[in-house]
Amino acid sequence: MAMTKFLRVDNAAASIAGGKVLIPIQNIAVIEQTSATVCTIKYSNSAAGFDECAITHTALPSFADASGAENAATFVGGNVDQCRNMRILIQDSVADALSTGWTSPLYDIIVPSPRAGFPAATGGAVPVQVTIDTVVFS
């Protein structure tokens with residue numbers, strides 16, 4: 001039997017659901033950026049009692065905004081991956097977690113800063129940090 005691994009995310013919800021949340025990696029079938037504010041992890045079976053995990057986060061730039069010229073004030077643009085940053089971050093984190101030894105069952109997801117190319121969609125001139133707001137299993 002393989003060691004079960006988990007992604008550990010900081011849920012910024014201002015409720016009892018806030019704090020560190022563990023997301024199982026075992027049996028992940030696909031990770032999708034389903035909207036500008038939701039990344040969904042779908043599992044290949046429901047042995048764990050759920051079929052998917054929806055991660056709600058600060059809005060990311062649209063594809064049009066992300067593929068346009070970079071705004072020097074907000075850091076939005078100049079990188080088409082900005083509209084799918086959360087999916088890429090979670091996919092990379094799963095791969096990194098699986099490459100760790102069996103004595104490391106938890107892998108922390110750290111959301112990069114806007115200056116590191118991970119800005120939120122914003123109409124203002126100040127770059128906004130992307131945060132994970134809720135994690136819901138269904």
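Please treat every number below as a calculation from the coordinates, not as lab data. Keep in mind the model is a prediction, meaning the values are calculated, not measured. We place every Cβ from the backbone using ideal geometry, glycine too, and count neighbours over all the protein chains shown.
The table that follows gives values for the structure above.
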read-out	value
Rounded FRET efficiency, nearest 0.05, which uses the C-beta distance separating Asp81 from Gln129 and R0 of 22 Å	0.80
About the Cα centre, charge dipole magnitude for region 25-138 (Lys/Arg +1, Asp/Glu -1 at Cβ), debye	60 debye
Helix 85-98 vs. the chain, principal-axis angle (Cα, 0 to 90°, nearest 10)	30 degrees
Using alpha carbons only: equivalent-ellipsoid semi-axes of region 63-122, gyration tensor based, whole Å	29, 11, 7
Region 4-138, relative contact order [Cα under 8 Å, separation at least 6], %	31 percent
Per-residue [θ]222 nm for the chain (sum of -39500 (n - 2.57) over DSSP H runs n ≥ 4, rounded to 500)	-4000 deg cm²/dmol
Counted charge near Gly18, where neighbours are those whose Cβ lies closer than 10 Å (Asp, Glu -1; Lys, Arg +1)	-1
Net lengthening on full extension, Ala116/Gln91 (0.36 nm per residue, minus Cα-Cα)	7.2 nm
P(r) weight above 27 Å for the chain, C-alpha pairs, percent	23 percent
